[in-house]
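The numbers here are math on the coordinates, done by the rules we state, and not lab data. Computed from a predicted structure; not experimentally measured. So basically every Cβ, Gly included, is an ideal-geometry build from the backbone, and we count neighbours across all protein chains shown.
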Amino acid sequence: MRKKIVAGNWKMNGSIELLNSLVPALAEEAKEAQAEILVCPPALFLNEATRLAGEFLQIGAQNCHEAFSGAYTGEISASMLAEMQLTHVLVGHSERRAMYGETDALIADKTKAAIGAGLTAVLCVGETLEERESGRTLDVVLGQVKAVVEKIALSDWAKLVIAYEPVWAIGTGKTASNDQAQDVHKAIREALAVISPEHADAMRILYGGSVKAANAAELFACPDIDGGLVGGASLDVDEFISICRAAS
Ligand code: PGA
């Protein structure tokens, strides 16, 4: 039985004020929750977030550099994140692919760096509207998944989570239907099963893209959906807690 995960991606939003109201409430929620709860605030707030998180709430970063250290002004390495008691890092979010030109090869290197540092990498994949409308959804998504998982030793797959986030559903209010999401999640699991059925069965695959309290329970009830990666709705404490409860 896979344990569900509900992850909040604040993106470049929030403030210390929001952190101080939201993180302690989630820390409380996480004590009793059956799902794992993860919050990914902006990098500058991570230290304070881990201080407020307590024993059960997990805190992650939204990005890391692929190198261990070096002359990369403005960047943060995975080992530095691990040193600050973080547990997770998002890699390959569609905003980073689209706006910062992140390629599958770079995302694979970031994933390796994250796992090498002891973090769990949350690998984000997803097709654009144009790719979906031209019937290329599975080609694109499975291509993005394979480009990374094939470079990760099977023994490290336990430190990998996949988040399927159709780009057309992110921040648009347009959620994929349960069937659309389940179909892609199932295809991802089947592609992983070609490499290892046992590891594929254990992989947590989250859905992201306009998840809210009103649609979370239905999505999370789909057999291959193991929780959610939540953007906008993770900035509202009541809404996010409702989503966490939908996964319990
Ligand atoms: P959204 O974002 O929930 O605001 O659509 C999800 C994400 O980008 O991770």
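The table that follows gives values for the structure above.
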quantity: Pair ASP139, GLN85: separation of 7 Å Cα→Cβ label points (nm); calculated: 4.8
quantity: Over the chain, relative contact order from alpha-carbon pairs under 8 Å, at least 6 apart, %; calculated: 21
quantity: Packing-based order for 109-117, 28-36, 61-69, using average beta carbon neighbours within 10 Å, highest first; calculated: 109-117, 61-69, 28-36
quantity: Distance between segment 55-132 and segment 176-239 - C-alpha centres, whole angstrom; calculated: 19
quantity: Size of charge dipole - the chain - debye, nearest 20, with Cβ of Lys, Arg +1 and Asp, Glu -1, no other charges; calculated: 200
quantity: 11 Å beta-carbon shell around ARG136, net charge (K/R +1, D/E -1); calculated: -4
quantity: Potential extension, SER196-SER155 segment - 0.36 nm per residue separation minus Cα distance; calculated: 13.7 nm
quantity: Estimated dipole of segment 58-182 in Debye, rounded to 20 [Cβ of Lys and Arg +1, of Asp and Glu -1, Cα centre]; calculated: 180
quantity: For segment 13-118: relative contact order, % (alpha-carbon pairs under 8 angstrom, 6 or more apart); calculated: 23
quantity: 12 Å beta-carbon shell around ALA176, net charge (K/R +1, D/E -1); calculated: -3
quantity: Sum of side-chain charges, LYS151 neighbourhood, beta-carbon under 9 Å (Lys, Arg +1; Asp, Glu -1); calculated: -1
quantity: Chain lengthening between GLN34 and MET1 when straightened (0.36 nm per residue, less Cα-Cα); calculated: 10.7 nm
quantity: Full-stretch length increase - GLU55, SER69 - with 0.36 nm per residue and alpha-carbon distance subtracted; calculated: 2.2 nm
